[in-house]
Amino acid sequence: LGVLCLTCLPVLLAQSRLFAVRSVEVVGVPEAQAEQLRPLGRALLGRNLLTLELADAARALAPAGWLQDLRIRKVLPSRLEITVEARRPVAVFVGPGGEALVDSAGALYCGPPLEGPCLALTGDARHAAVRRLAAFLAGSEGLERRIAGADITPDGQVRLLDRRGPWLTVDLDTAAECLPLFERLLEECPGYAAAGSVDIRRPGRFIITG
């Protein structure tokens, strides 16, 4: 009788509705992103919590391309708790195929609508300068509030569009030095608002046109 119980008990538990997944809770991300995951999580409802493989659950959520990492925990008797880490967007790439977010590694992905300012990026999405620019932006606190857009030129240069209007051409290798000078130019040069573009690819040298 004892052997029979030990043999049958796992089968009964695996088929028991007591351990069927009734709720999937998403934590760690804003409501807009959690809402995107809930339809994917519904595919897990009704599965037996005891026999559910966490790798299967992770694959069910994989279509959300903005996921950086996720951890899934079983909470008996019938709940899955999903802790999510989202990719950090640093720019929006605007190309012929539509818009995509750009993370700090320069990878393009789809995600929910952005909250707050984010730099608009155009040019060739395959260019290495896109990745370098994304890494630079990720380490430049508040730059997206001062710059409205960026364009990657075919030779890998970066043109930034200031929120006041003109284009600013920089070399990313010297941008960390040049941008503070550019900020001073915004405040001290009375005719800057009428300029068409500013080139400061060499530290300390401004070429203002337009």
**Item:** Ranking by accessible area, most exposed first, for Trp167, Trp66 with a 1.4 Å probe
**Value:** Trp167, Trp66
**Item:** Contour excess over end-to-end distance, with Cα ends at Asp155 and Arg184 and 0.36 nm allotted per residue
**Value:** 7.7 nm
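The values are calculated or read from the model by the stated rules, or taken from the named source; none is laboratory data. All values derive from a computational prediction rather than experimental measurement. The protein model used for the area step is the full one, side chains on, heavy atoms only, and it has no ligands, DNA or RNA in it. Shrake-Rupley method; radii C 1.70, N 1.55, O 1.52, S 1.80 Å.
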